[in-house]
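The values are calculated or read from the model by the stated rules, or taken from the named source; none is laboratory data. Model, not experiment: these values are computed from the prediction. Note that each Cβ is placed from the backbone with ideal geometry, even for glycine, and that neighbours are counted across all protein chains shown.
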Amino acid sequence: MSIYDKASLVLIPSGTKTSKVYSQKPVSGDGDFTFSRSTAATRVNADGNIEKETQNLLLQSNSFDTSWTKNNVTTTSGQSGYDGSNDAWLLSKGAAAFTNLIQSVTTSGVNTFSVYAKSGTLTQLTLRDSATNIYARFNLSDGSLITTSGSPIATSIEDVGSGWYRCSITMSMSSASLQIYPDWNQTTAGNIYIQDAQLEQGLVARDYIETTTAAVEGGITDNVPRLDYTDSSCPALLLEPQRTNLITHSEYIGGYTNYASTDTHNDLESPEGVENAVLFAGDGSQSQVFLSTPDITLSSAGSYTISVFAKKGTNDYMQISLDGFVGAGNGSAYFDLENGTTPTSGASVEDYGNGWYRCIVVVTIAAGDLVGKIALRVSSSTSSFFFSSASEANGKSIYIYGVQFEQGSYATSYIPTYGTSVTRNADAALKTGVADLINDGEGSLYMEVTPTNFEGDQRFGISDNIGANRIVLRLFNPSNLQLSCVIGSSVQVSISNNGYSAGNTYKIAGAWKDNDAVIYINGVQVATDTNCNITPSNPLTRISFDNGVGSAKWENPVSQTMYFPTRLSNEELAELTTI
């Protein structure tokens with residue numbers, strides 16, 4: 001019999017659905033974990049790209065029925081579409097100017113409005129928000145942009161074959177009145193073809209989502225578990241604490257202050273796998289090149305973490321710094337984007353592939369100094385942000401994406417923002433009512449984890465669902481891994497070992513029965529307890545990534561967990577935990 005066969009419950013992150021993480025054992029589903037997180041989130045998917053929540057905020061996105069107002073136009077269904085279906089529509093107008101389809105939408109911040117279109121007897125399409133009078137006109141005969149008005153953030157016309165184009169316009173909006181014009185101000189009667197309209201937050205049009213009577217969200221929405229593939233071909237269940245990105249625009253930097261710099265949105269494919277990275281370059285007017293966020297007001301002093309995804313352009317180096325937080329300590333860091341390194345203490349770099357690095361610096365904000373900015377500089381080296389002259393700085397560039405500023409001493413997964421700060425709530429995973437899987441008198445717990453942090457007190461284990469009786473593996477400061485047994489509210493076992501590092505993989509197992517508790521880490525016995533009473537005063541009915549009552553939640557990626565209803569032998573524990 002293998003060690004695996006002895007397990008009563010095994011979790012290897014591989015299958016999920018909304019609010020559920022499937023266990024590998026028992027196969028009946030009795031061990032499946034209930035999962036919750038009351039906000040959207042992001043993860044690194046199997047393709048290595050950052051995956052967000054997606055959405056289509058329009059109603060009847062390819063029905064063009066009563067959700068759309070028809071202003072001197074008609075729609076005819078059943079037309080041959082860009083995707084080989086007959087789901088396209090003929091949009092026809094009479095001999096009058098400014099005829100259109102209209103839908104009013106309540107939204108805010110940066111949004112992208114898109115539709116697939118093909119020329120008919122007419123060759124132009126206009127997309128417009130009448131609330132801001134921002135619009136773009138597209139030529140459907142040659143795939144070109146004709147003109148814009150009102151300074152849209154970005155426009156795009158993408159050839160998708162067979163004469164079809166996906167046309168999009170990105171704008172900052174609220175309470176929008178979105179309009180689709182066959183032509184614009186021409187008084188010629190005629191038609192074009194349209195299909196699959198979409199409105200979504202962000203700088204680019206992503207995969208289309210069909211809607212009917214309500215807006216639809218997809219991707220990593222509320223309560224969707226995150227199987228994260230960061231640095232691995234195998235996923236880990238990503239469990240994180242609540243965090244807020246205090247940067248109100250994490251991707252659109254049009255509201256930032258430029259100093260001797262220019263920026264171009266949607267210039268390169270970002271770690272998201274879409275073309276929404278910003279080119280940030282010197283304009284040749286000064287010997288330093290930077291941009292800074294609007295003022296940020298913090299609620300308290302302490303540790304904060306700044307992070308930004310960056311890639312070299314014509315320049316290899318970048319600096320991240322605080323600007324205006326005059327009492328702050330450890331306020332700047334330099335990064336080498338050619339080699340993915342930093343010489344700065346308190347800073348770190350994570351490789352996201354394709355030349356992209358997440359550059360991270362932890363800073364300390366002083367009390368009474370709670371207002372300031374974040375500055376990003378194209379720097380001349382990893383020790384100075386000044387170039388020798390303005391002409392040398394001219395054209396020096398890097399690419400940036402996903403600026404984040406969060407309270408805490410380490411960076412968590414990316415939290416996108418489009419006009420206001422955004423909070424990602426904490427992840428939670430547990431299973432109750434499993435007394436038949438748990439042996440109250442003895443047992444073993446196993447975890448394979450690659451911690452991103454040792455902050456706070458984090459636990460995984462079994463309990464009586466009220467916390468008076470619990471047996472848990474703990475991860476907490478200072479770099480401490482521990483087996484803890486509380487029986488009848490009294491600590492019976494507390495054995496641990498210090499000196500572990502974030503970013504390394506650990507296989508941890510704790511085993512117990514009366515007067516015989518032990519913990520193994522990476523094949524080595526690190527602590528024992530031979531004077532302990534393990535018999536609980538209440539039945540153990542819950543297994544969870546917390547302390548048994550919902551607090552001290554686990555906040556790290558988990559690759560595998562097992563619960564055994566027997567105290568494994570020391571030889572088995574060593575075999576199980578050997579890297």
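Within the stretch 553-576, count every residue that is touching a residue at least 24 places away in the same chain (Cβ under 8 Å), of a type outside the set (Asp, Glu) and surrounded by fewer than 21 Cβ atoms within 10 Å (Cβ to Cβ).
Matching residues across the stretch 553-576 total 6.
Go through (1) touching a residue at least 24 places away in the same chain (Cβ under 8 Å); (2) assigned by TED's automatic domain parsing to the domain that holds residue 17 one by one and return the number of the condition residue 29 breaks.
If we test residue 29 against (1) touching a residue at least 24 places away in the same chain (Cβ under 8 Å); (2) assigned by TED's automatic domain parsing to the domain that holds residue 17, just (1) comes out false.
Kindly provide the set of residues from the stretch 237-275 that are closer than 17 Å to residue 420 by Cα, β-branched (Val, Ile, Thr) and in a loop (DSSP other than H, G, I, E, B), ordered by number.
Once the filter is applied, which keeps residues that are closer than 17 Å to residue 420 by Cα, β-branched (Val, Ile, Thr) and in a loop (DSSP other than H, G, I, E, B), the stretch 237-275 yields 247, 248, 253.
Taking residue 206, is it of a type in the set (Lys, Arg) and either outside the structural domain of residue 89 (by TED's automatic domain parsing) or farther than 18 Å from residue 107 by Cβ (or both)?
no
Applying the selection to the stretch 29-58, what residues are within 17 Å of the chain's Cα centre (by Cα) and part of a strand (DSSP E or B)?
36, 43, 44, 50, 51, 53, 54, 55, listed by residue number.
Cβ contacts < 9 Å: first residue in the same structural domain as residue 315 (by TED's automatic domain parsing), restricted to the stretch 386-398; second residue in a loop (DSSP other than H, G, I, E, B) and exposed (fewer than 15 other Cβ atoms within 10 Å of the Cβ), any location; separation 6+ or different chain. Result?
Listed pairs, sorted by first residue: 390/285; 393/285; 394/285; 395/314; 396/314; 397/314; 398/314.
Can you find even one residue in the stretch 482-489 that is farther than 24 Å from residue 230 by Cα, free of Cβ contacts under 8 Å to residues at least 24 places away in the same chain, small (Gly, Ala, Ser) and in a loop (DSSP other than H, G, I, E, B)?
yes
Among the numbered conditions (1) of a type in the set (A, V, I, L, M); (2) over 30 Å from residue 55 (Cα atoms); (3) in a strand (DSSP E or B), tell me where residue 367 comes up short.
Failed condition: (3).
Here are some conditions: (1) without any contact (Cβ under 8 Å) to a residue 24 or more places away in the chain; (2) part of a strand (DSSP E or B). Residue 333 meets all but one. Which one does it not meet?
Unmet condition: (1).
Go through the stretch 144-183 and tell me which strands (runs of 3 or more DSSP E), entirely inside it, have 1 or more residues that are farther than 23 Å from residue 107 by Cα and polar (S, T, N, Q).
Counting at least 1 such residues, we get 144-149.
Among the aliphatic types (A, V, I, L, M), surrounded by 18 or more Cβ atoms within 10 Å (Cβ to Cβ), in contact with a Gly (Cβ under 6 Å, 6 or more places away or on another chain) and in contact (Cβ under 8 Å) with a residue 40 or more places away in the chain - does that describe any residue in the stretch 67-86?
no
Name the pairs whose Cβ atoms lie under 6 Å apart, with the first residue in the stretch 204-218 and closer than 23 Å to residue 278 by Cα and free of Cβ contacts under 8 Å to residues at least 40 places away in the same chain, the second among the small types (Gly, Ala, Ser) and part of a loop (DSSP other than H, G, I, E, B), and 6 or more positions between them or separate chains?
Correct list of pairs: empty, since none qualify.
Could you check the stretch 412-474 for strands (runs of 3 or more DSSP E) lying wholly inside it with 2 or more residues that are touching a helix residue (DSSP H, G or I) at 6+ places or on another chain (Cβ under 9 Å), touching a residue at least 40 places away in the same chain (Cβ under 8 Å) and crowded, with 22+ Cβ neighbours inside 10 Å?
Correct list: 443-449.
Please give the number of the condition residue 254 fails out of (1) farther than 24 Å from residue 168 by Cβ; (2) modelled with pLDDT under 95.
(1)
Anything in the stretch 189-210 that is in contact with a Leu (Cβ under 7 Å, 6 or more places away or on another chain) and not aromatic (Phe, Trp, Tyr)? List them, or say none.
If the condition is that a residue be in contact with a Leu (Cβ under 7 Å, 6 or more places away or on another chain) and not aromatic (Phe, Trp, Tyr), then 190, 191, 192, 194, 197, 198, 199, 200 are the ones that fit.
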